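What follows draws every value from the coordinates through simple rules; no lab data is involved. Keep in mind it's a predicted model, so treat the numbers as computed, not measured. All Cβ positions, even for glycine, are placed from backbone atoms using ideal geometry, and neighbour counts span all protein chains on display.
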Amino acid sequence: MNVLNGFELAKQCRAELAEKVKKMPRAPKLAVILAGDDPASAVYVRNKEKAAAEVGIESLVVRLEKTTRDELLRLIGKLNGDDGVDGILVQLPLPAGIDENAVLQAIDPAKDVDGFHPLNLGRLMIGEPAPVACTPKGCMKLIHQARRDLTGLNAVVVGRSVIVGKPMAQLLLRENCTVTTAHSKTRDLAGLCKTADILVAAVGKPRFVQADWVKDGAIVIDVGINRLPDGKLCGDVDFDACAPKCQAITPVPKGVGPMTIAMLLENTVEACEAALTGRNIGDITLEEV
Ligand code: GUN
């Protein structure tokens, strides 16, 4: 059994990005909007800021304890029009009452380093290049640590969020897996998971996936980050029970989490490269037609 070390892989990704950034004519710049007072979001944003600095990406964090949809839309409009800003990230969740979809759709798709804009989600679905949501992108890199060719494998993604489950299913499909997306209304979830060569758990329930749900030799990716009453972190998978059955499995912490941030940095560098070469990610310039 192979424990997929997301902490080390993320470190490698950051080192490669830092080398790339050194050769760029200017530093990429990421704008992060943190609205409201969610303590977990504040920690995530600080971690993103720190990681960005480490690879030479400039970051601008706008903290708005109290805000409105209109203020957010005005701010995003300003950042969209600022040529010095390559990537814009609005940390989720937004405070209650603010329509997340309306805010995410206001981001210029070329600066959408989270890959949550409907245009970019659509591009992913039709197989065009696009910025891809950071967590699913990181999960794919971890899966590829265990296996290069995924053709024909059965993949089960538990969870149907726009942030993880849906783009994850698309990425696995793009690599020729037979993909099933499971959710809270799925019948015989245990039986379905047992058919999975690749099992991705993204449900937010501590140690939800049990050993008898896991096929022998499966690759198991645990997206969950759950805080237990004793303050410790654990994933959506019962790691100790499941690990002996797996070909490869991600731990929590030091699995998917660090990869999410590394992929945000990668998306920011790619957005900057696209801006510097005068095209949007996914666009074909006239000269190429
Ligand atoms: N909140 C939880 N995960 C994410 C993420 O990947 N991006 C943003 N913007 N907010 C999040």
> Relative contact order for the chain: what is it in percent, counting Cα pairs under 8 Å that are at least 6 residues apart?
Replying inline: 22
> Say the dipole of the chain comes from +1 at the beta carbon of Lys and Arg and -1 at that of Asp and Glu; which of Leu189, Gln210, Pro131 then lies farthest toward its positive end?
Replying inline: Gln210
> Once you put a point 7 Å from the Cα of Ala40 and another 7 Å from the Cα of Glu8, both along the Cβ direction, what distance in nm separates them?
Replying inline: 2.9
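Fewest first, what order do Lys11, Lys29, Lys166 take by the number of other Cβ atoms within 10 Å? It would help to have the intermediate numbers written out before the result.
On the way: Lys11 14, Lys29 22, Lys166 18.
Lowest count first: Lys11, Lys166, Lys29.
Restricting to region 134-268, what percent of DSSP beta bridges are antiparallel, rounded to 5?
Percent antiparallel among DSSP bridges in region 134-268 is about 10.
Over all directions, what mean area does the Cα convex hull of region 150-212 project, stated in square nanometres? List each step's numbers first, then the result.
Numbers: hull surface 16.2 nm².
The Cα convex hull of region 150-212, projected and averaged over all directions, gives 4.1 nm².
What does the charge dipole of the chain about its Cα centre add up to, to the nearest 20 debye, if the Cβ of each Lys and Arg holds +1 and the Cβ of each Asp and Glu holds -1?
On the way: 35 positive and 37 negative charges, 105 e Å.
Using Cβ point charges on Lys, Arg, Asp and Glu, the chain gives about 500 debye.
Go ahead and estimate [θ] at 222 nm for the chain from helices alone: -39,500 (n - 2.57) per DSSP H run with n ≥ 4, summed, over the residue count, rounded to 500. Write down the numbers at each step before the final one.
Numbers: 10 runs with 114 residues, N = 289.
Value at 222 nm, helices only: -12000 deg cm²/dmol.
Suppose R0 equals 35 Å; then what is the FRET efficiency for Arg74 and Asp240 from their Cβ-Cβ distance, rounded to the nearest 0.05?
Working: r = 50 Å, r/R0 = 1.41.
Efficiency computed from Cβ-Cβ geometry: 0.10.
Nearest 5 percent is fine: what portion of the DSSP beta bridges confined to the chain is antiparallel?
Numbers: 2 of 32 bridges.
Taking every DSSP beta bridge with both residues in the chain, the antiparallel ones total about 5 percent.
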>> For region 62-106, which trypsin sites (Lys or Arg not before Pro) pass both filters: DSSP loop (anything but H, G, I, E, B) and at most 13 other C-beta atoms within 10 Å?
In response: Lys66
>> Please report the spacing between the Cα centers of region 70-94 and region 47-64 in Å, no decimals.
In response: 15
> Rounded to the nearest 20 Debye, what is the dipole magnitude of region 36-163 about its Cα centre when Lys and Arg each give +1 and Asp and Glu each give -1 at the C-beta?
Replying inline: 500
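Using C-alpha positions alone, give me the convex hull volume of the chain per residue in cubic angstrom.
On the way: hull volume 40.1 nm³, N = 289.
Given the Cα convex hull of the chain, per-residue volume reads 139 Å³.
Just how many % of Cα pairs in region 1-137 lie over 24 Å apart, if you round to the nearest whole percent? List each step's numbers first, then the result.
Details: 3213 of 9316 pairs.
Roughly 34 percent, rounded to a whole number.
Quick one: plug the Kirkwood hydrodynamic radius of region 199-279 (C-alpha pairs) into Stokes-Einstein at 4 °C, 1.567 mPa s, and report D in µm²/s. It would help to have the intermediate numbers written out before the result.
On the way: Rh = 14.1 Å.
It comes out at roughly 92 µm²/s.
Before anything else, pin down the relative contact order of region 57-213: Cα pairs under 8 Å, at least 6 apart, normalised by residue count, whole percent. Don't jump to the answer; show the numbers that get you there.
On the way: 186 pairs, mean separation 25.3, N = 157.
It comes to 16 percent, rounded to a whole number.
Largest first and in whole Å, give the semi-axes of region 60-181's equivalent ellipsoid, each being the square root of 5 times a Cα gyration tensor eigenvalue. If you can, show how the numbers build up before the last one.
On the way: eigenvalues 191, 45, 29 Å².
Each semi-axis is √(5λ); the values are 31, 15, 12 Å.
At a threshold of 8 angstrom on Cα-Cα distance, excluding pairs fewer than six apart, so keeping six or more, what relative contact order does region 96-180 reach in percent?
Computed over region 96-180, the figure is 25 percent.
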> If you take the Cα Rg of region 132-289 and divide it by 2.2 N^0.38 Å, with N the number of residues, what do you get?
Replying inline: 1.12
>> For a 26 Å ceiling on Cα separation, which of these pairs sit above it: Lys166/Lys254; Lys23/Lys78; Lys141/Lys205; Lys166/Lys215; Lys11/Lys185; Lys50/Lys166?
In response: Lys23/Lys78; Lys11/Lys185; Lys50/Lys166
> Counting Lys +1, Arg +1, Asp -1, Glu -1, what net charge surrounds Asp197 among other residues with beta carbon under 13 Å of its beta carbon?
Replying inline: +1
> Could you give the distance between the Cα centres of region 208-285 and region 127-199, to the whole Å?
Replying inline: 11
